[in-house]
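Quick notes on the structure that follows.
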Amino acid sequence: MHVRLPVVGSTAPALIAPKVLQWHDYKVVVRDGHYTSYVNGQKLHEADLLEQPDPWLAVVGLAGYSSRAVWNIVITGEPDTKTKAPAPQDDRRGFFGGPNSPQRFVPGKTVVHPVLDRMVCLLEPDGVKIHWLTDGRFDRTGLLPGNVAEEPNRGPGKLSLKDRDWNTVKFAVHGDTLTITLNGEPVFTRPIDATNLRHFGLFHYANESNVRVRNIRYRGNCPTVLRPTDQQELAVGSERLAITPDSELPDTATFDFTGSKFEAADFAYHWDAKAAVMRIRPTAAGLYFKLPAGETKTTCAGLHPKLKLSGDFSVTIEYEALKTIPAKVSWGAGLSFKILVDNSYETGFEARDSGSYKATRAMWRLQTPVNEYHDESLPGFAESGRMRLQRRGPVIYILHDSEWFGRFPARGPTPDRHK
């Protein structure tokens, strides 16, 4: 926990010694307008809550200060879900806006737009347009930061924005359909993409406009009781979240290489294709990879099936008898099992022997627009076993011999499911 300012009126807790590469138990207890936090059973901080505190729980990691990971979040107790929020000062609520002309983002203008995941719905005088959020230097979409897409036949050609007055906006999701109502008039209807995570937000260009918002209210079929712990998604652990029943993955492709079976037309070689043809050969036990040892230049041989996956999927390989003799100056020797996502980054396994260190790694590498590599390693070197990469929703889970290893973000365009 990072504290930038001293907490007034709170007794400083005893020092808590961090334990590197170990999980810590963190607990927050809220009772009778007072909260207390603990780390590994030791009290860390306590204070009185405000009279009407926001009932939100969040986990924050500060970029640049440390690695961040959290799992097994359990919520227990009897929270009050029936208490109504206090009434607003008046019945006007929504987004303040209404430009004086069709020109977008006049400096000094006050305007803000609703967002669902990465989809920004621009409320402009000549209709609702779509802007897709980008990620700066890490962006993989290829879109410009100022991208705007027309949405024909989604609503009226002009919006009844009130200039220099409050505008009431209703942003409603029913099933897989988004509807926007402006000042009581429906102005936009659009199907929601299957990959949309449905996170609500507000957007404006910080260097080109100001924002004024008030009286935001959430309505919907919110749960009134807590689920049992074994049914809470964040409490079951990543290894449970990774499990997808076979019935949800109807399409199957299996490649059995035993008995010298290998249909070369179903695969493509990569890295050094000519060398790969010579160094990958079918045998009775399966595909046999043999790369010469003792060379000064790194030698690679690989192949991949001519398949493109979309949506949820599970990809598994089995291997054995992995023997390695690494070169003195090289990446090392070993086995890679990876998938390329959106032609921009790859994630998967590396069982690597670099000479001084052997490890099995879960890795993630951004290829474009910058080359950035991350991994999580476990001591030891698996010379045989089963590797599995499984995508479920926005996450790719990485497992070795059915044990959860790591997880990385995924983005995909369609809801199809494959195994």
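The values are calculated or read from the model by the stated rules, or taken from the named source; none is laboratory data. Since we're looking at a predicted model, the values are computed, not measured. Glycine also receives a Cβ, built like all others from the backbone with ideal geometry; neighbour counts cover every protein chain displayed.
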Worksheet entry | Checklist (1) assigned to a loop (DSSP other than H, G, I, E, B); (2) of a type outside the set (Ser, Thr, Tyr); (3) at pLDDT below 80 applied to residue 376, failing item | (1)
Practice prompt. Sort out which residues of the stretch 113-145 are within 22 Å of residue 194 (Cβ to Cβ) and in a loop (DSSP other than H, G, I, E, B), and write them in order of number.
Written response: 117, 118, 133, 134, 135, 139, 140, 141, 142, 143
Discussion item. Looking for something surrounded by fewer than 16 Cβ atoms within 10 Å (Cβ to Cβ), touching a strand residue (DSSP E or B) at 6+ places or on another chain (Cβ under 7 Å) and part of a strand (DSSP E or B) - is there at least one such residue anywhere in the stretch 234-249?
Written reply: no
Worksheet item: So which residues in the stretch 252-270 are exposed (fewer than 11 other Cβ atoms within 10 Å of the Cβ) and assigned to a loop (DSSP other than H, G, I, E, B), if there are any at all?
Response: 252, 254, 256, 263
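Every residue, every condition in (1) surrounded by 14 or more Cβ atoms within 10 Å (Cβ to Cβ); (2) at pLDDT 85 or above; (3) over 26 Å from residue 284 (Cα atoms), yes or no:
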| residue | (1), (2), (3) |
| --- | --- |
| 321 | no, yes, no |
| 325 | no, no, no |
| 329 | no, no, yes |
| 332 | yes, no, yes |
| 337 | yes, yes, no |
| 349 | yes, yes, no |
Item to complete: Evaluate the stretch 281-291: report whether one residue or more is over 33 Å from the mean Cα position of the chain (by Cα), in a strand (DSSP E or B) and of a type in the set (D, E, K, R).
Response: yes
Worksheet entry | From 80, 90, residue being farther than 30 Å from residue 112 by Cα and either at pLDDT below 70 or not basic (Lys, Arg) (or both) | 80
Response to the item:
Taking the stretch 121-153 and keeping only residues that are at pLDDT below 85 and not acidic (Asp, Glu), one is left with 136, 137, 138, 140, 141, 142, 152, 153
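Condition check ((1) exposed (fewer than 13 other Cβ atoms within 10 Å of the Cβ); (2) on the phi > 0 side of the Ramachandran plot; (3) basic (Lys, Arg)) across all residues:
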{"site": "191", "(1), (2), (3)": "yes, no, no"}
{"site": "195", "(1), (2), (3)": "no, no, no"}
{"site": "203", "(1), (2), (3)": "no, no, no"}
{"site": "207", "(1), (2), (3)": "yes, no, no"}
{"site": "211", "(1), (2), (3)": "no, no, no"}
{"site": "219", "(1), (2), (3)": "yes, no, yes"}
{"site": "225", "(1), (2), (3)": "yes, no, no"}
Worksheet item: Given 69, 58, 47, which one is assigned to a strand (DSSP E or B) and either at pLDDT 80 or above or farther than 27 Å from residue 221 by Cα (or both)?
Response: 47
Response to the item:
Scanning the stretch 154-174 for residues that are under 17 Å from residue 192 (Cβ atoms) and modelled with pLDDT under 80, the one surrounded by the fewest Cβ atoms within 10 Å (Cβ to Cβ) turns out to be 154
Fill in: Selection from the stretch 271-309 of residues that are among the hydroxyl-bearing types (Ser, Thr, Tyr), surrounded by 12 or more Cβ atoms within 10 Å (Cβ to Cβ) and at pLDDT below 80
298, 299
Discussion item. Can you pull out every residue in the stretch 356-373 that is surrounded by 15 or more Cβ atoms within 10 Å (Cβ to Cβ), farther than 24 Å from residue 309 by Cα and small (Gly, Ala, Ser)?
Written reply: 359
Item to complete: Filter the stretch 132-162 down to residues that are touching a residue at least 60 places away in the same chain (Cβ under 8 Å) and of a type in the set (A, V, I, L, M, F, W, C) and give me whichever is nearest to residue 181 (Cα to Cα).
Response: 161
